[in-house]
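Only one structure is covered here, and it is reproduced in the block below.
The values are calculated or read from the model by the stated rules, or taken from the named source; none is laboratory data. Only a predicted model underlies this, so the values are computations on that prediction, with no experimental measurement involved. Cβ placement follows ideal geometry from the backbone for every residue including glycine, while neighbour counts extend to all protein chains displayed.
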Amino acid sequence: MIGQTFIIIKPDGVQRGLTDEIIKRYEAVGLKVAKRKDMTAPLSIVEKHYPMDPDYLKLIGEKTIAAGQQVKSAEDQGRKVVTWLRKFITSGPIVALVLEGEDAVKVARKTTGFTDPASAEKGTIRGDLGTDNILDANREERPVWNLIHASGSPEEAAKEIKLWFGE
């Protein structure tokens, strides 16, 4: 089924000049760019995109635990990471994209690769182009520089597309 997904090429991807390469990789797997915005992310949108919701914070914090770092609380760790993410995503230019294609969310997630570039499979964007890892990011008190945000479900994609592109 043809669907849409939402992608952000984060400041690290833009600053490293990887925007065209990242888009080419999505196009190579059958996705097309339906909408694009080159912008600096407004904090008002970023706060909605990365909410301080307890369930979301716990999910984010659990990625730290899965990477092998002990924390007192997944939710507290998630709060730190979301704070770092908000600061990072507003720190420089980003590219917001709506991609369309067959099973767009699933195809984009597979093409993007795992959140932690150090654990992402070769052949994925993060696995091939990523240079960071969760443990270093946490030690340096910053988000992992993983080039991209990719919606995790069709529902999340619809919500994020509306948030970033309007109705």
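If ILE7 meets every condition in (1) at pLDDT 95 or above; (2) part of a helix (DSSP H, G or I) apart from one, which number is that one?
(2)
Could you please find all residues in the range 128-167 being assigned to a helix (DSSP H, G or I), hydrophobic (A, V, I, L, M, F, W, C) and modelled with pLDDT of 95 or more?
Those that are assigned to a helix (DSSP H, G or I), hydrophobic (A, V, I, L, M, F, W, C) and modelled with pLDDT of 95 or more: LEU129, ALA157, ALA158, ILE161, LEU163, TRP164, PHE165.
Yes/no matrix, rows are residues, columns are (1) polar (S, T, N, Q); (2) farther than 17 Å from LYS32 by Cβ; (3) at pLDDT 95 or above; (4) assigned to a helix (DSSP H, G or I):
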position: ILE94; (1), (2), (3), (4): no, yes, yes, no
position: LEU99; (1), (2), (3), (4): no, no, yes, no
position: VAL105; (1), (2), (3), (4): no, no, yes, yes
position: THR111; (1), (2), (3), (4): yes, no, yes, yes
position: LYS122; (1), (2), (3), (4): no, yes, yes, no
position: ARG126; (1), (2), (3), (4): no, yes, yes, yes
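Filter the range 9-38 down to residues that are surrounded by fewer than 13 Cβ atoms within 10 Å (Cβ to Cβ) and hydrophobic (A, V, I, L, M, F, W, C), then give me how many there are.
1
Which count do you get for residues in the range 108-123 that are crowded, with 19+ Cβ neighbours inside 10 Å, more than 13 Å from the chain's Cα centre (by Cα) and not small (Gly, Ala, Ser)?
The qualifying residues number 0.
Go through the residues of the range 76-98 one by one and say whether even a single one is farther than 27 Å from ASN138 by Cβ and touching a strand residue (DSSP E or B) at 6+ places or on another chain (Cβ under 9 Å).
Scanning the range 76-98, I find at least one residue that is farther than 27 Å from ASN138 by Cβ and touching a strand residue (DSSP E or B) at 6+ places or on another chain (Cβ under 9 Å), so the answer is yes.
Which of the residues that make up the range 37-81 are farther than 29 Å from ILE23 by Cα and outside any helix (DSSP H, G or I)?
MET52, ASP53, GLY68, GLN69, GLN70, VAL71, LYS72, SER73
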